[in-house]
Ligand SMILES: *Cc1c(COP(=O)(O)O)cnc(C)c1O
């Protein structure tokens with residue numbers, strides 16, 4: 001069985017059978033192989049275990065297995081789950097990977113360690129203000145709408161260079177890199193290459209790209225963070241409510 005077949009087998013397990021520890025090892029092995037293929041250091045790639053919609057009892061096995069970096073896409077859900085998990089595992093790190101509304105910025109700054117979805121000047125300004133008042137400075141990534149899809153979040157390609165400069169120079173944000181979610185029906189590698197090129201222009205070290213379906217490709221194109229949910233936790237439970 002090829003590596004991809006192995007991953008899909010993991011994905012297809014029912015929730016009761018999900019072996020999170022084994023899945024983490026399998027994802028790590030694929031990353032290491034993809035990195036080796038392009039002569040990158042395997043440990044230059046971080047796994048963000050995307051735990052959205054999974055309850056704490058499904059997240060705990062990952063923490064027990066020693067994993068510490070997680071992603072959530074909604075501030076409210078993160079607030080419901082993560083204060084207690086962080087109390088139990090103080091070195092756990094939380095990335096916000098979903099759209100951020102300005103009325104939730106202060107709470108995101110309090111709880112998150114990396115905010116990956118900064119995509120517009122008003123949000124950048126709110127974040128800068130909240131970091132000042134909360135005296136807490138989570139790292140920031142700019143989400144780029146590499147496919148220029150009208151319905152999708154992310155800075156437009158035409159604006160991204162000036163927005164990057166604005167985040168650093170006007171707002172003084174701790175900007176570390178870029179994030180993208182390629183269009184579902186397109187070859188992701190083109191988008192990964194584009195994101196890497198924009199980051200290179202601005203000397204930004206971090207590239208958050210690649211999900212369950214395409215993270216080995218993302219690693220070959222320079223991802224430093226892959227956001228993997230399904231391949232680790234199995235099929236996602238539906239949102240409560
Ligand atoms: C849900 C989500 C992921 C993880 O998706 P999988 O396909 O389950 O790995 C990654 N990035 C973002 C922004 C997400 O919302």
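Since every read-out is calculated from the coordinates, none of them should be taken as a lab result. Treat the numbers as computed from the prediction; the structure is a model and nothing was measured. Note that each Cβ is placed from the backbone with ideal geometry, even for glycine, and that neighbours are counted across all protein chains shown.
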Q: Treat each spin label as a single point 7 Å out from the Cα along the C-beta direction, and report the residue 17 to residue 133 distance in nm.
A: 5.1
**Q.** Choice from 133, 51, 189 showing the highest fluctuation, given a GNM over the chain with Cα pairs closer than 10 Å
**A.** 133
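Show that you can apply the helix-only estimate: for the chain, add -39,500 (n - 2.57) for every DSSP H stretch of four or more residues, divide by all residues, and state [θ] at 222 nm to the nearest 500.
Details: 10 runs with 102 residues, N = 241.
Helices in the chain give a 222 nm mean residue ellipticity of -12500 deg cm²/dmol.
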**Q.** Binned Cα-Cα distances of the stretch 193-241, short to long, each 10 Å bin given as a whole percent
**A.** 25, 41, 22, 12, 1
**Q.** Listed residues 176, 104, 52, most fluctuating in the chain (Gaussian network, C-alpha, under 10 Å)
**A.** 104
Q: Specify, per residue and in Å³, the volume enclosed by the convex hull of the alpha carbon atoms belonging to the chain.
A: 129
Q) If you take the beta carbon distance between residue 101 and residue 64 as r and set R0 to 35 Å, what does 1/(1 + (r/R0)^6) give as a FRET efficiency, to the nearest 0.05? A) 0.60
